[in-house]
Amino acid sequence: MKKTVGLITALILFVQIASAQDEQQTLFGEKISLSSLGVMVDPGVQLTRLAGEGAGFFNFRGGIVFNDKLTLGGFYGQSINDVRPSSFDNSLPISAHLDSYMAGGFVEYTIYSNKLVHFTFPLSVGMMEVEIDNEGRDFDFDETKTLFVEPKAMLEINLHKFARLNAGVGYRIMGNTFENAPGVPDAGNALTFQIGLKMGVFSFGQLK
């Protein structure tokens, strides 16, 4: 009888220990589940300076959202206006200007996302390409490619549970150039002003 009781006790302890081991520990102290995940896309416009001149970019971001706090994803931006530095005046035709695009990844942390107005802090890391274009004749010139880091602070407003308007400022810090074309000016460090419309299912738990 004592042996039977001992075996049952040992079995209960084993089951409890095994159950505890099945609970996955995470960096944020919560279990990973479908209801804590989400997805987002964020088209927007950025105003900044490129080679000392005013420039506008159309940006698009997309990512996976964890617990409606942390977002990991990628981005792409394309210049939307002709940028002509003053250095072109005596060396290139009047139609020559700069074209640029940027691409990379980002991590973003959002606080109090359930509040009507809250803050979010994206950090982008990527590559910016700048090239000279002459009346749309692509690939006439070589391009310069430079790494950059851009932290931002954004104010966000919940328009709907699936849509958020965001606006804020950042600072683009240029890093190492790994492809350099003669005659293409440096993009330069610059303030950035961003406005966008973030859309998605920020937590699949919202669908319940």
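The values are calculated or read from the model by the stated rules, or taken from the named source; none is laboratory data. The shown structure was predicted, so the numbers you read here are calculated from the model rather than taken from an experiment. Ideal geometry is used to build each Cβ from the backbone, glycine not excepted, and the neighbour counts take in all protein chains shown. Note: areas computed on protein heavy atoms with side chains; ligands, DNA, RNA excluded. Shrake-Rupley method; radii C 1.70, N 1.55, O 1.52, S 1.80 Å.
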| Accessible surface, per residue, of segment 60-208 when the full set of protein chains is kept, probe 1.4 Å, Å² | 52
| R84's amide H: which non-local residues (gap 5+, or another chain) put their own amide H closer than 5 Å, with H modeled 1.01 Å from N in plane and none for Pro or chain starts? | L98
| Segments 165-171, 197-203 sorted - mean Cβ within 10 Å per residue, highest first | 197-203, 165-171
| field | Reciprocal of mean inverse Cα separation for segment 78-208 (Kirkwood radius, Å) | value | 17.0
| request: Using amide H atoms built 1.01 Å from N in the peptide plane, name the residues 5+ places from T192, or on other chains, whose amide H lies under 5 Å from its own. | output: G170, Y171, R172
| message | In whole percent, and with a 1.4 Å probe on the protein chains, what portion of the accessible area of segment 54-188 is carbon and sulfur? | response | 62
| Whole-Hz couplings from phi, Karplus 6.51/-1.76/1.60, listed for segment 89-101; x for Gly and Pro | 4, 9, 10, 10, x, 4, 7, 6, 7, 9, 10, 8, 9
| request: With θ set to phi - 60°, apply the Karplus curve 6.51 cos²θ - 1.76 cosθ + 1.60 along segment 122-131 and write out the HN-Hα couplings as whole Hz, x wherever there is a Gly or Pro. | output: x, 10, 9, 9, x, 10, 10, 10, 10, 9
| field | Distance-filtered residues of segment 72-90 - backbone nitrogen under 20 Å, label point 7 angstrom along R49 Cα→Cβ | value | 79-89
| Can you list the HN-Hα couplings for segment 187-198, worked out from phi with the Karplus curve (6.51, -1.76, 1.60; θ = phi - 60°), rounded to whole Hz and with x for Gly and Pro? | 5, x, 5, 6, 5, 10, 10, 10, 9, x, 10, 7
| remark: When the charge dipole of segment 149-208 is computed with +1 at the Cβ of Lys and Arg and -1 at the Cβ of Asp and Glu, the Cα pointing farthest to the positive end, of F202, A190, G170, is that of F202
| field | Total formal charge among the other residues, if their Cβ is under 12 angstrom from that of L116, Lys/Arg +1 and Asp/Glu -1 | value | +2
